[in-house]
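Notes for the one structure printed next.
The values are calculated or read from the model by the stated rules, or taken from the named source; none is laboratory data. Just so it is clear, the model here is predicted, and its values are computed rather than measured. So basically every Cβ, Gly included, is an ideal-geometry build from the backbone, and we count neighbours across all protein chains shown. Keep in mind that these areas ignore ligands, DNA and RNA; they rest on the heavy atoms of the full protein, side chains included. Shrake-Rupley method; radii C 1.70, N 1.55, O 1.52, S 1.80 Å.
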Amino acid sequence: MRRVALVPARGSHTPLSDPDICGDSRRMCPDLVAPFVVSVTIDNVHRHEGPHDMKYMLLLASNPADEPAPDSEAFGPYMGEWAAYSQALAEAGAMVSGEALQGAETASTVQVRDGKRIVTDGPFIESKEVIGGYYVIDVADLDEALDWAARIPNAHFGTIEVRPVMQFDG
């Protein structure tokens, strides 16, 4: 099964009505609200087999102020770009997983010092750019991972960090 779905985030209140995003021209997605995540479900997540099989994490960082606002005219087409990108990954057999994250204001940071847990509200690093999500992809090599990273919709105003995923035997 290959399916791209836009999944409402809990506590969201902004209704969207865009048949291009919904993928069903008969329905206007009255219950779809922003912010939401692009969720991809596929059954054949591994395209490559053998010693050249590599997984990479594409870590997405950008300044939320640079993205179209959920109530703007540009927001629907922007989210459509994300759905198309996720679908392309799935169809290429490169998609392992991917999720968008809620805003940095929802983050909690945990440290353990002298045996005591310290929890702080907010992100680990205070910055205009925040980690907005990730993809884990399964591709032949770093060059292919970099090609996929360059196609991410917010790469033209954000930063995509590409890292190999450590693989352990057993």
Net length gained if the chain between Ala92 and Val165 were fully extended (0.36 nm per residue, minus Cα distance)
24.4 nm
Would you kindly find the accessible area of Val165, with a 1.4 Å probe and non-protein molecules such as ligands, DNA and RNA excluded, rounding to the nearest 10 Å²?
50 Å²
Ordering Ile152, Ile160, Ile118, Ile125 by how much accessible area each has at a 1.4 Å probe, largest first, what is the list?
Ile125, Ile118, Ile160, Ile152
Provide the solvent-accessible area of Glu105, counting protein heavy atoms only and rolling a 1.4 Å probe, rounded to the nearest 10 Å².
150 Å²
Treat each spin label as a single point 7 Å out from the Cα along the C-beta direction, and report the Glu105 to Glu126 distance in nm.
1.6 nm
Could you tally the net charge around Ser62, taking each other residue with its Cβ under 11 Å from the Cβ of Ser62, Lys/Arg +1 and Asp/Glu -1?
-2
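What order do Leu101, Leu59 take when sorted by accessible area (1.4 Å probe), most exposed first? Don't skip to the end; give the middle numbers.
Details: Leu101 90, Leu59 45 Å².
Result, largest first: Leu101, Leu59.
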